[in-house]
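> Can you read through this structure? Questions will come right after.
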Amino acid sequence: MRYFIEFSYNGKAYHGWQKQPNAVSVQQVLEHALTTLLRSPIKVMGAGRTDAGVHAAQMYAHFDMEEPFDIDVLVYKINWFLPHDIAVHRIFEVRDKAHARFNALSRTYHYRISNTKNVFTHDFAYKIHLPLDLDKMNEACKILMQYNEFQSFSKSNTDVKTYFCDIKEAYWELKDTELTFVITADRFLRNMVRAIVGTMVNIGLGKLEVDQLHDIIKSKDRSEAGFSVPAQGLFLIHIEYPETILNAI
């Protein structure tokens, strides 16, 4: 049987989602917990990869298990077993060929910027003291949505075969002393959101003109885009699936 697991994590202590040698990842910790509690080797496939220090408010992964088990009991036990910075919200049965990564319709990320020193959000937002022009940054979002190829915002030397992404929404909003960039797309390239935010910060600071974003995107050159903002402000917020895959939704 195939199961989906919905969970969240604070990425501060992890070297990203994907399991790798000589570094602790979220995937590694989750697989260890499932393997221990189910007493069977468990491999999980995540809905995507988050970089070191990036957080997830909603993440999905799938795993296979031949023997039946009590789902409610497993959810209870695994939350006691896992460290404090990973929480499992639910586990549910799906179709045999359902895939956490390939069946996802869209993913939504938030990037948070704080313009004041806040001891409670220090690990979850990028602090910028200088004023940012929110109107210009939202003008840049409209330009961003006119394109579908984003090699300029992709990490160099990746193994992707295409740089096409369908951005469904992109905008900035201000709440109290915190700016949040909201972006939804069918897929994201490595480092894409952080590179876009860095470029828009330069626009907001007046270091770039809004119309220059056209040239940056058309260049397909990462060096033409802005800096990559720190990881701690980035959150994977929501992943959408078709109801035919996630029968529980």
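The values are calculated or read from the model by the stated rules, or taken from the named source; none is laboratory data. Every value quoted in this text rests on a predicted model; they were computed, and no experiment measured them. Here the Cβ positions follow ideal geometry from the backbone for every residue, glycine too, while neighbour counts run over all protein chains shown. The protein model used for the area step is the full one, side chains on, heavy atoms only, and it has no ligands, DNA or RNA in it. Shrake-Rupley method; radii C 1.70, N 1.55, O 1.52, S 1.80 Å.
> Would you pick out the residues in segment 135-175 that are more than 18 Å from R107 (Cα to Cα), charged (D, E, K, R) and at pLDDT 95 or above?
Once the filter is applied, which keeps residues that are more than 18 Å from R107 (Cα to Cα), charged (D, E, K, R) and at pLDDT 95 or above, segment 135-175 yields D135, K136, E139, K142, E173.
> Quick one: I113 ticks every box in (1) closer than 25 Å to Q18 by Cβ; (2) assigned to a strand (DSSP E or B) bar one, so which box is it?
(1)
> Next up: Can you find, within segment 70-83, the residue that is least open to solvent (accessible area, probe 1.4 Å) among those that are free of Cβ contacts under 8 Å to residues at least 24 places away in the same chain and under 26 Å from the mean Cα position of the chain (by Cα)?
V75
> Condition first: closer than 27 Å to N10 by Cα and among the aromatic types (F, W, Y). Can you find one or more residues in segment 126-144 that meet it?
yes
> Next question, about the same structure. Out of the residues in segment 85-125 that are under 20 Å from F181 (Cβ atoms) and among the β-branched types (V, I, T), state the one that is modelled with the lowest pLDDT. Lay out the reasoning, then the answer.
So the first thing to find is which residues in segment 85-125 are under 20 Å from F181 (Cβ atoms), and the list is 106-116, 118, 121-125.
Of the ones still in play, those that are also among the β-branched types (V, I, T) are 108, 113, 116, 121.
On the way: T108: 98, I113: 97, T116: 88, T121: 84.
Residue satisfying both the conditions and the ranking: T121.
> Could you tell me how many of the residues in segment 223-249 are hydrophobic (A, V, I, L, M, F, W, C), assigned to a loop (DSSP other than H, G, I, E, B) and open to solvent by 40 Å² or more (accessible area, probe 1.4 Å)? Reasoning before the result, please.
Taking segment 223-249 and keeping what is hydrophobic (A, V, I, L, M, F, W, C), we get 225, 227, 229, 231, 234-237, 239, 245-246, 248-249.
Adding the requirement that they be assigned to a loop (DSSP other than H, G, I, E, B) leaves 225, 227, 229, 245-246, 248-249.
Still in the list and also open to solvent by 40 Å² or more (accessible area, probe 1.4 Å): 227, 248-249.
Counting residues in segment 223-249 that are hydrophobic (A, V, I, L, M, F, W, C), assigned to a loop (DSSP other than H, G, I, E, B) and open to solvent by 40 Å² or more (accessible area, probe 1.4 Å) gives 3.
> Right, something else. Out of everything in segment 40-69 that is charged (D, E, K, R) and at pLDDT 95 or above, what residue ends up being farthest from F124 (Cα to Cα)?
In this case the residue turns out to be D64.
> Which is under 19 Å from the mean Cα position of the chain (by Cα), surrounded by 14 or more Cβ atoms within 10 Å (Cβ to Cβ) and closer than 24 Å to F188 by Cα, of Y147, Y109?
Values: Y147 fails: under 19 Å from the mean Cα position of the chain (by Cα).
That would be Y109, the only listed residue that is under 19 Å from the mean Cα position of the chain (by Cα), surrounded by 14 or more Cβ atoms within 10 Å (Cβ to Cβ) and closer than 24 Å to F188 by Cα.
> Cβ-Cβ below 9 Å, separation at least six or inter-chain, first residue in segment 123-148 and more than 26 Å from G53 (Cα to Cα), second open to solvent by less than 20 Å² (accessible area, probe 1.4 Å) and among the hydroxyl-bearing types (S, T, Y): which pairs?
Note: pairs meeting the criteria are A140/T199.
> List pairs: first in segment 219-243 and acidic (D, E), second surrounded by fewer than 16 Cβ atoms within 10 Å (Cβ to Cβ) and not in a strand (DSSP E or B), Cβ under 7 Å, 6+ apart or cross-chain?
Once the first residue is acidic (D, E) and sits in segment 219-243, its partners that are surrounded by fewer than 16 Cβ atoms within 10 Å (Cβ to Cβ) and not in a strand (DSSP E or B) give E240/L105; E243/I249.
> Further, regarding this structure: Any idea which of E93, E67 is under 16 Å from R2 (Cα atoms), outside any loop (DSSP other than H, G, I, E, B) and open to solvent by 80 Å² or more (accessible area, probe 1.4 Å)? Before you say what the answer is, go through the steps one by one.
Values: E67 fails: outside any loop (DSSP other than H, G, I, E, B).
Within the list E93, E67, the selection yields E93.
> Please count how many residues of segment 1-47 are open to solvent by less than 10 Å² (accessible area, probe 1.4 Å), without any contact (Cβ under 8 Å) to a residue 24 or more places away in the chain and not β-branched (V, I, T).
The total comes to 1.
> Could you please find all residues in segment 106-122 being within 27 Å of G48 (Cα to Cα) and among the aliphatic types (A, V, I, L, M)? Break it down stepwise before answering.
Let us first name the residues in segment 106-122 that are within 27 Å of G48 (Cα to Cα), namely 106-114, 121-122.
Across segment 106-122, the qualifying residue is only I113.
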